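Participant: One structure follows; several queries about it will come next.
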Amino acid sequence: MEVLFQYLDQYPMMRNFVFLLGSLYVLKIMVWLIPLMWGDVKAYLLSGLFHMDMKFSQYKWAVVTGASDGIGKQYAIALAKFGVNVVLISRSEDKLKAVEKEILDQCNMLVKIVVADFSEGANIYDHIRMELSGLEVGILINNVAACYDYPEYFLEIPSERLQQIVTINTASVVMMTKIILPVMLERKKGIIVNVSSIGSTFPLPLYTVYSATKKYIDYFTASLQYEYSNRGVIIQHLQPSTVATKMLGIEQTSFTVLSPKKYVRDAISTIGIQDRSFGTLAHALQGWIFKILPEWFLMPFIFKAEINMKREAIRKLQQKQ
Ligand SMILES: NC(=O)c1ccc[n+]([C@@H]2O[C@H](COP(=O)([O-])OP(=O)(O)OC[C@H]3O[C@@H](n4cnc5c(N)ncnc54)[C@H](OP(=O)(O)O)[C@@H]3O)[C@@H](O)[C@H]2O)c1
C-alpha cells in the first residue's frame, strides 16, 4: 500500500484519476445503497410509523404451499390468527392434519387441506384448481421448495432429483400464480408472497440448481410486479437467509438463524412495505454484506464454506452408517 501511495505521489495526474475513480465508485454505492437501506430502515426500525396496518382479515382465504412444516406452516398459522381462512397444500396428509388441528386449537377459522405433490408437475394443477374453485382467495404464499440434502457438485446429483427440484421450486410458483392471480385481479386486491432465498442474490456453488431456481423466482416476481402491482395486488419477493427448519436440518437458533415462527412474525409485517424483502433485520444485514462486497471477493469464501459443509455432512453420514 505504501509503495502505491509513493507511486501516486510522484504522478499527481494518476493520483487525481484514482481519486476520481474512487469517488465515482463511492457515489455509485451511495446512490444504490441509500434507497435499499431506507427500505430496510422503514421495514425493521420504523415499522411502527410506516406500517400500513395491513388488514389481513379483509381477505377471506389464503393459500399456502408447503404448509405442513417450517416457514409455510408458520405463515398458515399467522394468517389464521389474523382472521384469514387457510388452504394448506403439501404432500403429507397426516402432517397437514396436525397443522389443521394446531390452527383450530388456536383460532376459529376455516381450514382446507389439499394433498398434492408439486414434483409431479403439470398433472396436479387441475386437481388444485378444482379444490380452490369457489373460494375467494386473497392471499397466496408460494413457499414450497426442495433442496439437496447437503452441498453437492452438480454432476453428483441424479437427474431425476434435479428435475424434481426445478419443477417444485419454479413451476409451483408459476402455476399457483396463474390459478389465483385472476381471482385477485377481479377483486382488485390481493397479496402474493414468493419465497426465494438470500441465495438468489449471489451464486451458490454446490447448491447450483437450487440457487438457480431461486434466481428464477427473483426475476419472475420482479417482472410480475411491473405487470400487475398497479392493479391492487401486492407482490412480494421474500429472501430468507438461514431459518431453523428441516430443509437445512438446523434446530439451533441464534441472532442470524431464526426459528420459523419468529422469522414469519417479522416477515409478515414487511408485506406492503417492501416489494423485495429479507424478512427480518438480521437477514437484511447479511443481505447488505452480500450486496456491497464484490462477487470476486465474496465467492471464494462462500465456495470454501460450502466445500467444508459438504465434508462435514459426508462425515456425519459415514458416522451414522
Ligand atoms: N430454511 C431456510 O434456511 C431457508 C432459507 C432460504 C430460503 N428458504 C425457503 O423457504 C421456503 C420454505 O422452506 P422451509 O425451510 O420452511 O422448508 P421445510 O421446513 O423443509 O418445509 C418444506 C415444506 O414443503 C413441503 N413439500 C416439500 N416437497 C414437496 C412437494 N414435492 N410437494 C408438496 N409439498 C412439498 C413439505 O411438506 P411435505 O413433506 O409434507 O410435503 C413442507 O411443508 C422454501 O422456499 C425455501 O427455499 C428456506
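The values are calculated or read from the model by the stated rules, or taken from the named source; none is laboratory data. Note that the coordinates shown come from a computational prediction; the quantities given were computed from them, not determined experimentally. Cβ: placed from backbone, ideal geometry, glycine included. Neighbour counts: every protein chain shown. Accessible surface is based on the protein model in full, side chains and every heavy atom, while ligands, DNA and RNA are left aside. Shrake-Rupley method; radii C 1.70, N 1.55, O 1.52, S 1.80 Å.
Participant: Sort through 223, 200 and tell me the only one that's within 30 Å of residue 302 (Cα to Cα) and within 12 Å of the ligand (Cβ to nearest atom). Give the derivation first.
Facilitator: Numbers: 223 fails: within 12 Å of the ligand (Cβ to nearest atom).
Among 223, 200, only 200 is within 30 Å of residue 302 (Cα to Cα) and within 12 Å of the ligand (Cβ to nearest atom).
Participant: Can I ask one more? Suppose we filter 254, 241 for residues that are within 15 Å of the ligand (Cβ to nearest atom), in a loop (DSSP other than H, G, I, E, B), at pLDDT 95 or above and closer than 18 Å to residue 203 by Cα; which single one remains? Show your work before the answer.
Facilitator: On the way: 254 fails: closer than 18 Å to residue 203 by Cα.
Only one candidate passes the filter, namely 241.
Participant: Taking into account only those residues within segment 195-221 that are assigned to a helix (DSSP H, G or I) and among the hydrophobic types (A, V, I, L, M, F, W, C), which is surrounded by the fewest Cβ atoms within 10 Å (Cβ to Cβ)?
Facilitator: Here the answer is 212.
Participant: Out of 39, 83, 22, which single residue is away from the ligand (no atom under 16 Å from the Cβ) and touching an Asp or Glu at 6+ places or on another chain (Cβ under 9 Å)? Spell out how you get there, then give the answer.
Facilitator: Numbers: 83 fails: touching an Asp or Glu at 6+ places or on another chain (Cβ under 9 Å); 22 fails: touching an Asp or Glu at 6+ places or on another chain (Cβ under 9 Å).
Result: 39 is the single residue among 39, 83, 22 that is away from the ligand (no atom under 16 Å from the Cβ) and touching an Asp or Glu at 6+ places or on another chain (Cβ under 9 Å).
Participant: For segment 134-144: of the residues being of a type outside the set (A, V, I, L, M) and within 11 Å of the ligand (Cβ to nearest atom), which is most open to solvent (accessible area, probe 1.4 Å)? Spell out the reasoning first.
Facilitator: Taking segment 134-144 first, the residues of a type outside the set (A, V, I, L, M) are 134, 136, 138, 142-143.
Restricting the remaining residues to those that are within 11 Å of the ligand (Cβ to nearest atom) gives 142-143.
On the way: 142: 3, 143: 21 Å².
Top of the filtered list is 143.
Participant: I would also like to ask the following. Hey, can you tell me all the residues within segment 145-179 that are part of a helix (DSSP H, G or I), over 17 Å from residue 306 (Cβ atoms) and within 10 Å of the ligand (Cβ to nearest atom)? So that I can check it myself, show each step before the final result.
Facilitator: Taking segment 145-179 as the starting set, the residues that turn out to be part of a helix (DSSP H, G or I) are 154-156, 159-179.
With over 17 Å from residue 306 (Cβ atoms) added as a condition, the list becomes 159-164, 166-179.
Those that are part of a helix (DSSP H, G or I), over 17 Å from residue 306 (Cβ atoms) and within 10 Å of the ligand (Cβ to nearest atom): 164, 167, 168, 169, 172, 173.
Participant: Can you tell me which condition residue 52 does not meet? The list is (1) under 21 Å from residue 236 (Cβ atoms); (2) modelled with pLDDT of 90 or more; (3) away from the ligand (no atom under 16 Å from the Cβ); (4) out of contact with any Leu (no Cβ under 9 Å at 6 or more places or on another chain), and all the others hold.
Facilitator: Unmet condition: (2).
Participant: On to the next question. Can we say residue 287 is on the phi > 0 side of the Ramachandran plot and of a type in the set (Gly, Ala, Ser)? Even if it seems obvious, please write down each step before you answer.
Facilitator: Values: on the phi > 0 side of the Ramachandran plot: no; of a type in the set (Gly, Ala, Ser): yes.
So residue 287 fails the test.
Quick grid of which residues meet (1) in contact (Cβ under 8 Å) with a residue 24 or more places away in the chain; (2) over 27 Å from residue 189 (Cα atoms):
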| residue | (1), (2) |
| --- | --- |
| 19 | no, yes |
| 29 | yes, yes |
| 75 | yes, no |
| 89 | yes, no |
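Participant: Only one of these is touching a residue at least 40 places away in the same chain (Cβ under 8 Å) and under 20 Å from residue 195 (Cβ atoms): 303, 290. Name it. Steps first, answer last, please.
Facilitator: Numbers: 303 fails: under 20 Å from residue 195 (Cβ atoms).
Result: 290 is the single residue among 303, 290 that is touching a residue at least 40 places away in the same chain (Cβ under 8 Å) and under 20 Å from residue 195 (Cβ atoms).
Participant: Sticking with this one: Being among the small types (Gly, Ala, Ser), crowded, with 24+ Cβ neighbours inside 10 Å and more than 17 Å from the chain's Cα centre (by Cα) is the filter here, so list the residues in segment 69-103 that pass it.
Facilitator: 80, 90
Participant: Shifting gears a bit: May I ask you to say which residue of 92, 68 is touching a strand residue (DSSP E or B) at 6+ places or on another chain (Cβ under 9 Å), near the ligand (Cβ under 8 Å from one of its atoms) and over 23 Å from residue 238 (Cα atoms)?
Facilitator: Working: 68 fails: over 23 Å from residue 238 (Cα atoms).
That would be 92, the only listed residue that is touching a strand residue (DSSP E or B) at 6+ places or on another chain (Cβ under 9 Å), near the ligand (Cβ under 8 Å from one of its atoms) and over 23 Å from residue 238 (Cα atoms).
Yes/no matrix, rows are residues, columns are (1) touching a Lys or Arg at 6+ places or on another chain (Cβ under 7 Å); (2) β-branched (Val, Ile, Thr):
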position: 157; (1), (2): no, yes
position: 161; (1), (2): no, no
position: 168; (1), (2): no, yes
position: 185; (1), (2): yes, no
position: 188; (1), (2): yes, no
position: 197; (1), (2): yes, no
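Participant: Looking only at segment 246-266, decide whether some residue is of a type in the set (Gly, Ala, Ser) and buried (at least 21 other Cβ atoms within 10 Å of the Cβ). Spell out how you get there, then give the answer.
Facilitator: Going residue by residue through segment 246-266, those that are of a type in the set (Gly, Ala, Ser) are 249, 254, 259.
Narrowing further to those that are buried (at least 21 other Cβ atoms within 10 Å of the Cβ): none.
Checked segment 246-266: no residue is of a type in the set (Gly, Ala, Ser) and buried (at least 21 other Cβ atoms within 10 Å of the Cβ).
Participant: Pairs under 7 Å by beta carbon, first residue over 17 Å from residue 83 (Cβ atoms) and touching a residue at least 24 places away in the same chain (Cβ under 8 Å) in segment 96-110, partner among the aromatic types (Phe, Trp, Tyr) and in a helix (DSSP H, G or I), six or more apart or different chains?
Facilitator: Pairs that qualify, where the first residue is over 17 Å from residue 83 (Cβ atoms) and touching a residue at least 24 places away in the same chain (Cβ under 8 Å) and the partner is among the aromatic types (Phe, Trp, Tyr) and in a helix (DSSP H, G or I): there are none.
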